[in-house]
Amino acid sequence: MLARLLLVVMVLACFSGSTTSAQEATKTFHTAQAPPPAPATMFFYPERIPLRDGGFVNAERGILFVPINRSKEESAVIGVEVYRFRASAKARPGTPPIFFLHGGPSFAGLERSLEIEGTFEESWLPLTDVSDVVVVGQRGIGSSKPTTTIETTTAPAPADQPYDAEGEAAEFRRVLAREKSFWEDSGVDLSGFTVLEAAEDVNDVRKALGYDKIIIWGGSFGSHWGMSLMRLQPEIVERAILRGMEGPDHTYDHPGHLWNVYKRVAEEAEAALELEGMIPEGGLIAAVEAIVARAEREPFTVTVTDPEDNTEHEVLFDGESIKRLSRGYSGSMSGWPADVITMSRGDFSGAAEALYRRSRRAGRDFRTASYFMLDCGSGITPQRLTEYNSDPAIRVVTRTNWSYVAGCSVWGSDLGDDFRQNFETQIPTVIVHGTWDTSTPYENALELVPYFKNSKFIPVIRGPHGAIRAAMNASEEFRTGILQFAASGDTSQLPDTVTMPPVRWRVPGSR
């Protein structure tokens with residue numbers, strides 16, 4: 001590689017008539033100190049997206065450069081990626097654009113997903129029948145320039161040893177501290193990575209594209225992001241569509257509310273014909289509590305065989321490891337009751353295999369610095385943290401908010417408790433939330449709805465975290481109504497609730 005570089009430098013010197021030696025040219029090859037793009041600079045270029053049935057659709061893709069920290073006059077800039085899909089001929093002229101805000105914060109950009117045939121038709125084409133659709137990237141993440149990602153891991157915890165909570169937390173903080181130092185030493189002002197700055201990014205994209213008002217469409221962290229904009233710049237938001245509600249003080253998940261999802265699942269599973277006669281005495285929730293209590297009282301081990309080399313290994317089941325299985329080990333909500341039934345019968349072979357697989361992973365993948373700065377900055381009020389830590393579900397649901405509790409002290413990012421107060425808004429809003437959402441609890445929406453004074457709340461019975469897409473697929477009435485609201489603000493065609501199809505429960509012993 002160096003030889004090629006020297007050759008290129010020598011050829012360039014010859015063509016330029018320079019007498020500079022190759023060695024001198026190498027020293028100065030990348031020393032130009034061009035100024036960074038000015039804030040509000042946008043580079044836009046056409047993008048062709050393949051369609052499932054052949055052909056392409058045209059889109060626009062680019063980077064908007066914005067200040068990293070708007071409170072500092074001499075702030076450096078950061079590039080936020082922007083996609084725009086133009087409205088179709090079906091859209092009503094004059095409808096404000098939909099600004100789509102992804103969740104996480106972990107949005108890596110659209111490039112890879114749009115390479116999959118059918119993605120545009122399923123995700124974006126319906127919205128273009130309403131208006132222009134603008135997708136805004138997340139600062140410091142994925143397609144952002146720079147993106148604050150470092151691939152680093154810690155050693156996996158052995159499956160046959162008791163869980164060392166303090167040791168893992170200390171190692172976690174050491175890794176995060178190294179990552180923080182790396183970016184600070186690189187000159188990146190991490191203090192600018194907050195949801196308030198991200199909200200202003202959306203406003204700057206709006207201004208750069210020449211829109212007066214926008215429609216917010218956001219879910220999970222995207223709802224948190226959208227609500228921040230609705231509070232900061234209410235005059236620019238025509239209306240909003242939100243799901244997977246994450247309010248100002250909801251970054252940390254309430255363990256009791258997460259466990260309520262499983263209580264709702266248990267109630268339905270216990271009445272299912274395919275599980276008749278299999279439910280443990282007292283029900284599924286009581287069975288989980290009993291399994292945890294037994295492992296805490298009398299830890300035990302189960303032998304598993306490594307599928308790669310056929311070696312045998314012991315897996316320890318104590319109070320901490322069994323809590324990691326309280327929400328199942330098969331990876332699906334429809335399989336959770338079968339997991340509980342199987343363990344309640346004393347069969348921990350599948351659970352042991354799951355724990356062993358987890359222990360064999362190459363360590364923990366740490367997220368970006370921006371992820372921690374954004375979420376730790378939003379944080380939690382002391383009162384709510386006390387409530388979470390004292391909730392009885394802590395005895396069953398483990399490691400809820402672990403990365404925040406263990407790691408946020410490293411970052412020093414905190415927007416303060418005033419930011420975390422709920423606020424009232426008159427912006428027309430449709431709120432959609434799944435009752436089986438295991439990422440942002442359904443109770444988040446119940447708390448927030450009274451503050452949205454001009455809203456319609458649509459529970460999605462059995463609905464997952466992606467409640468809007470699930471409801472659009474399950475109910476033509478909802479699909480028509482949500483697009484009608486996006487286009488006009490009219491809620492009259494929206495149903496009061498959406499019910500997902502009944503679950504096909506996995507029977508214990510089946511695959």
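The values are calculated or read from the model by the stated rules, or taken from the named source; none is laboratory data. Because the structure is a prediction, the values reported are computed rather than measured. Note that we place each Cβ from the backbone using ideal geometry, even for glycine, and neighbour counts take in every protein chain shown.
With the checklist (1) within 21 Å of E268 (Cα to Cα); (2) buried (at least 17 other Cβ atoms within 10 Å of the Cβ) in hand, flag the one item T499 doesn't pass.
The number of the failed condition is (2).
Look at segment 290-345 and say how many of its residues are among the β-branched types (V, I, T), under 19 Å from P158 (Cβ atoms) and surrounded by 15 or more Cβ atoms within 10 Å (Cβ to Cβ). If you could, list the steps in order and put the result at the bottom.
To start, the set of residues in segment 290-345 that are among the β-branched types (V, I, T) comprises 291-292, 301-305, 311, 315, 322, 340-342.
Still in the list and also under 19 Å from P158 (Cβ atoms): 301-305, 311, 315, 322.
This time we only want the ones that are surrounded by 15 or more Cβ atoms within 10 Å (Cβ to Cβ), so: 301-302, 304, 315, 322.
The total comes to 5.
Name, by its number, the condition in (1) part of a helix (DSSP H, G or I); (2) within 24 Å of the chain's Cα centre (by Cα) that does not hold for T251.
(1)
Please list, ordered by residue number, the strands (runs of 3 or more DSSP E) wholly in segment 37-146 having 2 or more residues that are surrounded by 19 or more Cβ atoms within 10 Å (Cβ to Cβ). Spell out the reasoning first.
Numbers: elements: 42-50, 56-67, 77-85, 98-101, 133-136.
Because the criterion is at least 2 residues that are surrounded by 19 or more Cβ atoms within 10 Å (Cβ to Cβ), the strands (runs of 3 or more DSSP E) in segment 37-146 that meet it are 56-67, 77-85, 98-101, 133-136.
Looking at the structure I just gave you, is V405 surrounded by 14 or more Cβ atoms within 10 Å (Cβ to Cβ), over 22 Å from the mean Cα position of the chain (by Cα), at pLDDT below 95 and in the same structural domain as E320 (by TED's automatic domain parsing)?
Here the answer is no, as V405 does not meet what is asked.
Under the condition of being surrounded by 14 or more Cβ atoms within 10 Å (Cβ to Cβ) and of a type outside the set (S, T, N, Q), which residue from segment 388-402 is nearest to the chain's Cα centre (by Cα)?
R399
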